[in-house]
Number of protein chains: 2
Amino acid sequence: MSTTSASRRTQRERTEATTAALLGAARELFATDGFALTSLNAICERAGVTRGAFYHHFSNKEQIFREVYAVEQHRLSQAVRESFRQHSDPWTGLIAGCRALLEKSLEPTVWRLTLVEAPAALGWTAMRDIQTDCKNQMRTGLAMAIEAGCIPSRPLEPLTSLLYGALTESALDVVHAEDTAAWLEQTLSELRLLLAGLVGRIEPGCAHTRTQP
Amino acid sequence: MSTTSASRRTQRERTEATTAALLGAARELFATDGFALTSLNAICERAGVTRGAFYHHFSNKEQIFREVYAVEQHRLSQAVRESFRQHSDPWTGLIAGCRALLEKSLEPTVWRLTLVEAPAALGWTAMRDIQTDCKNQMRTGLAMAIEAGCIPSRPLEPLTSLLYGALTESALDVVHAEDTAAWLEQTLSELRLLLAGLVGRIEPGCAHTRTQP
DNA sequence: TTACATACATACGGGATGTATGTAACTTGT
DNA sequence: ACAAGTTACATACATCCCGTATGTATGTAA
């Protein structure tokens with residue numbers, strides 16, 4: 001032993017420890033203060049290192065945010081996938097996946113990072129390259145429901161975006177609601193109703209006149 | 001005349017000119033470079049004034065962004081409202097409003113500011129206080145469709161968020177599509193299908209088994 | 001153990017924000 | 001029309017943060 005005593009760590013252990021500390025600190029600070037208001041000094045101070053260590057492992061603030069975001073997005077898609085798999089019927093699996101997405105979005109690290117900060121911090125294209133994780137999950141869910149015959153064949157891309165957007169926007173409502181559980185159930189009820197429109201052909205429209213808004 | 005000659009302007013004219021120049025410069029720069037990458041120096045340089053003028057009329061960068069955003073949001077809601085009013089049937093009016101929202105979102109100043117930058121720059125609550133403009137428009141559209149009997153009575157809030165989120169997320173897809181017009185029509189087709197689910201009661205679900213994803 | 005690579009700390013320059021202070025333009029009362 | 005006061009703007013500065021460049025310690029391999 002060359003140094004004091006038990007401080008002998010391999011290089012890999014050192015990097016893993018500091019990167020984990022930096023990623024953890026960044027995750028919490030981004031979730032509470034947002035991307036712009038979180039300084040690298042704050043991240044490093046919380047992680048117990050200096051900015052030298054940071055710039056050795058990461059290229060800049062956007063890079064570490066991208067990594068944090070990717071992890072969060074992966075956790076989210078994992079939850080959706082598992083909920084979907086627990087049902088043999090793709091239709092109920094799809095609904096379960098939607099519920100899982102809403103429930104997971106209650107965590108601040110999820111909704112704040114993926115729904116609020118990511119679009120501006122990463123830009124549309126970079127965000128999509130990672131978001132593909134979770135949105136793909138919804139797309140394959142829809143595809144399997146179509147393939148199984150629950151839904152007549154529909155173009156997947158627009159449908160996926162409509163569904164995903166409906167869920168993410170509603171998730172922010174659920175998060176900020178007083179009674180989140182009740183709001184979540186109500187949202188899922190209405191969503192089921194909308195999705196029901198996919199299965200059958202109904203001629204919409206009515207001839208009533210109306211007062212001006 | 002006391003000074004040179006034609007340079008005599010009233011105070012109100014002066015403030016209107018500079019604030020308009022600053023708001024216009026900020027609008028364009030925010031739309032092209034985003035909120036974070038747009039410096040006050042750049043805004044002032046483009047407006048032809050110094051930062052002293054800026055801080056005389058605005059408190060900070062977030063404040064001027066909020067004003068720019070409010071104007072854009074108002075333009076958007078105005079377009080939706082007019083499209084809605086051009087139809088006597090609330091149902092077709094609602095569809096027309098959705099189409100107007102998608103079409104207006106093609107302008108970079110609309111989608112970049114309201115859909116990408118605003119959430120992070122303003123935060124959820126501040127954004128909602130202004131966004132109320134456009135989202136309320138959708139809500140009243142739904143409310144009138146219900147009142148007219150086109151749709152059975154449904155809880156408005158969750159439904160509004162689902163519809164609004166579906167539209168905004170899809171708008172970003174439409175913007176980045178190669179053939180925006182075709183994508184827009186396809187999106188509206190699928191949306192009509194989803195909305196059709198509101199009018200009738202269909203029992204969804206199917207008993208098919210499926211392969212794991 | 002010596003030579004090298006990796007992990008981290010410190011120091012510095014550039015740029016951006018916000019404030020404080022100074023100056024010019026306009027307005028108002030007499 | 002002129003003085004006093006208010007508004008509109010410019011300049012200077014203090015501070016913070018990012019990113020780089022350089023230095024130092026620790027681990028690794030011959």
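The values are calculated or read from the model by the stated rules, or taken from the named source; none is laboratory data. Keep in mind that what you see is a predicted model, and the values were worked out from it rather than measured. Here the Cβ positions follow ideal geometry from the backbone for every residue, glycine too, while neighbour counts run over all protein chains shown. Each accessible area value is taken on the protein alone, full model and side chains, heavy atoms only, with ligands, DNA and RNA left out. Shrake-Rupley method; radii C 1.70, N 1.55, O 1.52, S 1.80 Å.
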Open item on the list: Scan the stretch B:143-153 and tell me whether some residue there is under 17 Å from A:P119 (Cα atoms), of a type in the set (V, I, T) and at pLDDT 90 or above.
Closed with: no
Open item on the list: Please verify whether A:E62 is within 25 Å of A:E107 (Cα to Cα) and either at pLDDT 95 or above or out of contact with any helix residue (DSSP H, G or I) (no Cβ under 8 Å at 6 or more places or on another chain) (or both), treating the condition exactly as stated.
Closed with: yes
- [ ] May I ask you to list pairs of residues, at least six apart or on different chains, whose Cβ atoms are under 9 Å apart, with the first in the stretch A:35-51 being closer than 17 Å to A:Y69 by Cα and the second being not in a helix (DSSP H, G or I)?
- [x] A:F35/B:A36; A:A36/B:F35; A:A36/B:A36; A:L40/A:N60
Open item on the list: What's the number of the only condition in (1) under 13 Å from the mean Cα position of the chain (by Cα); (2) farther than 20 Å from B:L188 by Cβ; (3) facing chain B (nearest Cβ under 8 Å); (4) buried (at least 21 other Cβ atoms within 10 Å of the Cβ) that A:G165 fails to meet?
Closed with: (2)
Open item on the list: Among the residues in the stretch A:8-22, are any more than 14 Å from every other protein chain (Cβ to nearest Cβ), under 26 Å from A:P119 (Cα atoms), away from DNA strand D (no atom under 13 Å from the Cβ) and touching an Asp or Glu at 6+ places or on another chain (Cβ under 8 Å)?
Closed with: no
- [ ] Would you point out the residue of the stretch B:27-42, among those that are within 15 Å of DNA strand D (Cβ to nearest atom) and more than 13 Å from every other protein chain (Cβ to nearest Cβ), that is farthest from the chain's Cα centre (by Cα)?
- [x] B:N41
TODO: Report the residue count in the stretch A:45-96 for those that are within 22 Å of A:W124 (Cβ to Cβ) and among the polar types (S, T, N, Q).
DONE: 5
Task: Count of residues meeting criterion [open to solvent by 30 Å² or more (accessible area, probe 1.4 Å) and more than 8 Å from chain B (Cβ to nearest Cβ)] in the stretch A:131-145 - done: 5
Open item on the list: For a quick check of your reading of the model, give me the residue pairs whose first member lies in the stretch A:84-105 and is of a type in the set (F, W, Y), whose second is open to solvent by less than 10 Å² (accessible area, probe 1.4 Å), with beta-carbon atoms closer than 6 Å and at least 6 apart or on different chains.
Closed with: A:F84/A:G93; A:F84/A:G97; A:F84/A:G141; A:W91/A:A145
TODO: Please report, ordered by residue number, the helices (runs of 4 or more DSSP H) entirely within the stretch B:1-111 with at least 3 residues that are more than 15 Å from DNA strand C (Cβ to nearest atom) and buried (at least 17 other Cβ atoms within 10 Å of the Cβ).
DONE: B:11-33, B:61-85, B:90-104
Open item on the list: Exactly one of these conditions fails for A:F84: (1) under 10 Å from the mean Cα position of the chain (by Cα); (2) aromatic (F, W, Y); (3) more than 28 Å from A:A25 (Cβ to Cβ). Give me its number.
Closed with: (1)
